[in-house]
Amino acid sequence: MNTSLKNTARLLGAGLRALLVLTVVCGVLYPLAVTGVAQALFNDKANGSEITDASGRTVGSSLIGQTYNLPKQNPDDPEEAAKPDLKWFQPRPSNGLGSNSVNLQYSLILSGATNRAADNTELVEWVTDAKAAVVADNSVPGYTVRPQDVPADAVTSSGSGLDPDISPAYAELQVHRVAQRNGLPVQQVAKLVSEHTEGRILGFMGEPRVNVLELNIALKDLGKG
C-alpha cells in the first residue's frame, strides 16, 4: 500500500514538474521569443500593417478594405442602402467591408464570397446594376464612361470580400469624377494614382494594384495643399 502511494506521489510530482516546465517554455519563453523576432525583423507586419494619416493617427490596415459611404439619412433603418461618397476613390463592391471615410471610425462587419455561380440570375443582376452605377457615377462633363470600359473588379467582390486593392484600370476610371468632386486638376489626380500603383510581386506574381485606403489618404492630403 505504501509503495503504491509513493509511486502515485512520484508520478504526480513528475507530472506537475513537467506541466510547470512546459508552461514556462511554451506559454512564456516561446511566445516572447517569437514576438521579439517579429517586432525586430517584421515590425510593420507584426503590428497589423497599420496605415496612418498625416497627423499620425492609425486609420486602418493595408490588408483590409474599407468603404467610403455617405452617412445614412436614417441610421436606424437597416434596409436603407448605403450610398457611396463620390469624392473618394471607391473600392471593390462588397458587403463585408468595414465602414470608414479616412478616419478612426472603423468597424468590421463580416467577410466572405457570394458563392454564386457565374450564371446565377441574382449575381448577374448584381453585376449588371453595379456596372450601370459605375458608368453613371463616373461619367462627368467632358468624360463619359462606356460600359465596356468598366473592369471586372469594379463590379465583383473578392473571395474574402475584404480586398484592399483595386486594379489601376478601375482607379484611372475614377480619376475624372474624383478630380471634379474635389476641385482638383485631372492631371494631378491621375499622377496620384500613378504614384500609388504597385507592380507585380517580384515582377511576375499577381497583378498591378492600387491600395484604396493609401490612395484616399494621399488624396485627402492633396486637398489640403
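I'd like the distance separating the alpha-carbon centroids of segment 23-91 and segment 113-192, in whole Å.
Comparing the Cα centres of segment 23-91 and segment 113-192, I get a distance of 23 Å.
Over the chain, with a Gaussian network built from C-alpha contacts below 10 Å, which listed residue (Ala18, Ala136, Ala54) shows the highest mean-square fluctuation?
The residue with the greatest mean-square fluctuation here is Ala18.
Helix-only mean residue ellipticity at 222 nm, the chain, DSSP H runs n ≥ 4 weighted -39,500 (n - 2.57), per residue, nearest 500. What is it?
That comes out to -13000 deg cm²/dmol.
Name the GluC sites (Glu not before Pro) in segment 1-87 that are in a loop by DSSP and that have at most 12 other C-beta atoms within 10 Å, would you?
Those that pass, being in a loop and sparsely packed, are Glu79, Glu80.
Under the definition of Cα pairs under 8 Å and six or more residues apart, what whole-number percent is the relative contact order of the chain?
18 percent
From largest to smallest, what semi-axes in whole angstrom does segment 2-44 give when each is the square root of 5 times an eigenvalue of its alpha carbon gyration tensor?
Equivalent ellipsoid of segment 2-44: 39, 4, 4 Å, largest first.
Amide H neighbours of Leu184 under 5 Å, counting only residues 5+ apart in sequence or on other chains, H built in-plane at 1.01 Å?
none
Between Met205 and Asn74, with labels modelled 7 Å along Cα→Cβ, what's the label distance in nm to one decimal, could you check?
4.9 nm
Comparing Leu173, Leu162, Leu202, which has the greatest mean-square fluctuation in the GNM of the chain with Cα pairs linked when under 10 Å apart?
In this elastic network of the chain, the residue with the biggest mean-square fluctuation among Leu173, Leu162, Leu202 is Leu202.
Over segment 1-84, what lengths in whole Å, largest first, do the semi-axes of the equivalent ellipsoid take, defined as the square roots of 5 times the eigenvalues of the alpha-carbon gyration tensor?
In descending order, the three semi-axes are 55, 23, 8 Å.
Coordinate-derived values only; no laboratory data. Worth saying up front: this structure is predicted, and the values here are computed from it rather than measured. Heads up, the Cβs are rebuilt from the backbone with ideal geometry, glycines too, and the neighbour counts pull from every protein chain shown.
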